[in-house]
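Notes for the one structure printed next.
Nothing in this text is a laboratory measurement; each read-out follows from the coordinates by a stated rule. For clarity, every value in this text was computed on a predicted model and none was experimentally measured. When we count neighbours, we look across all protein chains shown, and the Cβ atoms used for this are built from the backbone with ideal geometry, even at glycine.
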Amino acid sequence: MSTGDDRYFHAHGVRLRYRDQGEGRCVVLVHAWTLDLEVWDAQAAELSRSMRVVRLDRRGFGLSEGRPDAAADPGDLAALLDQLRIPAAALVGMSQGTRAVIGLALQAPQRVDCLVLDGLPGDVVGLAAEGGADYSLDEFRRLARDGGLEAFREAWRRHPLARLHGDDSEAAQRLERMLARYPGRELLGPAPAAPAAADLRGLARLSMPVLVINGELDLESRRRAGERLCALLPHAERLLLAHAGHLAALDRPAAYTAALQSFLQRRSRAAA
């Protein structure tokens, strides 16, 4: 029986934190920018009653080493599956984490039973040029260099992508703990590489079941990105979670978890 204790493994020279709990079909949960694996505490507690739940701190976040690197994230996920001898899993990506799970699905589709894509950025589906970015990393880098990470944290707390709409005090406290842990290496060090251009042809060829999630109060740009993805993938399911913003898993944890459970039970290819 796997437990939810912190564990570590090395992927391409970097030490990464993960947790592994429960038994059965496996789902891997991948967090958003400035967050870490603890954003999934409520989901992991419930899903692990009937599934094996694996979650990790992406490189450069939480308690993992290294610098954030979107290009390395899919390989890190594959290395984690190898470490745990998991041939294939359901993958759930939140916001920036959607890049990682889509990347693995494009590189090794045989390792992905199904995909859940929550609040994906517009540039993943080619929308960046149309609507502009949701935030300026360059501005946040200047703020962190001039005023330190706490100046960045204060500004980020007010940003719509980091704002909670629910009244769950534990969720608010968890968000604050994660933000306090965020090391900000891409803000204080060399600028990270720009994300790769959207591979729309590759996305359109994804054949595994897909659930696309947005909170109904998420930014219009993120909701539009979800709609664009569903247009590329006519077989995808769409969920707008009521009374939730960009961080829907924290705003509506019970409803979010129930939606995950329903989709994973119905659509994971490993469920057969």
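By the gyration tensor of its Cα atoms, with a ≥ b ≥ c the square roots of the eigenvalues, what is the shape of segment 114-176: rounded for a/c under 1.5, prolate for a/b over b/c, or oblate? Present the calculation step by step, with values, prior to reporting the outcome.
On the way: a/c = 2.47, a/b = 1.09, b/c = 2.26.
Here segment 114-176 falls in the oblate category.
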Interchain or sequence-distant (5+) residues whose placed amide H lies within less than 5 Å of the amide H of LEU241 are ASN214, GLY215, GLU216
How far, in nm, would the chain grow between ALA197 and HIS159 when pulled straight, counting 0.36 nm per residue and subtracting the alpha carbon separation?
-> 11.2 nm
Hey, fewest Cβ within 10 Å first, where do ASP36, ASP218 land in order?
-> ASP36, ASP218
A correct Karplus calculation of ³J(HN,Hα) over segment 15-21, with 6.51 cos²θ - 1.76 cosθ + 1.60, θ = phi - 60°, whole Hz and x for Gly and Pro, returns 8, 10, 8, 8, 10, 9, 9
Expected vector for segment 113-123, Karplus 3J(HN,Hα) from phi with 6.51, -1.76, 1.60 and θ = phi - 60°, integer Hz, x for Gly and Pro, equals 6, 6, 10, 10, 10, 10, x, 5, x, x, 5
What is the percent of Cα-Cα separations in segment 1-81 that go past 17 Å?
-> 40 percent
Comparing ASP41, ASP167, ASP20 in a Gaussian network model of the chain (Cα, 10 Å), the one with the largest mean-square fluctuation is ASP167
Going residue by residue through segment 212-217, the Karplus relation 6.51 cos²θ - 1.76 cosθ + 1.60 with θ = phi - 60° gives ³J(HN,Hα) values, rounded to whole Hz and with x marking Gly or Pro, of 10, 10, 9, x, 5, 9
Net dipole in debye of segment 194-272 [+1 Lys, Arg Cβ; -1 Asp, Glu Cβ; about Cα centre; nearest 20] = 320 debye
Counting sequence-distant residues (5 or more places) and residues on other chains, those with an amide H built under 5 Å from that of ALA11 are LEU16
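Averaged over all directions, how much area does the convex hull of the C-alpha atoms of segment 163-272 cover when projected, in nm²?
Values: hull surface 36.1 nm².
With the hull built on Cα positions only, its mean projection is 9.0 nm².
What's the Kirkwood radius of segment 7-271 in Å, using all Cα pairs?
18.3 Å
Which of the trypsin sites (Lys or Arg not before Pro) found in segment 52-97 are loop residues per DSSP with 12 or fewer other Cβ atoms within 10 Å of their Cβ? Could the numbers behind the result be given before it?
Working: sites: ARG52, ARG55, ARG58, ARG59, ARG85; in loops: ARG58, ARG59, ARG85.
Answer by residue number: ARG85.
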The chain: relative contact order in percent, alpha carbon pairs under 8 Å with at least 6 residues between = 20 percent
Work through the residues other than SER48 whose Cβ is under 12 Å from its Cβ and net out their charges, Lys, Arg +1 and Asp, Glu -1.
-> +1
Mind checking which of ALA258, ALA72, ALA197 has the largest fluctuation in a GNM of the chain, springs on alpha carbons under 10 Å?
-> ALA197
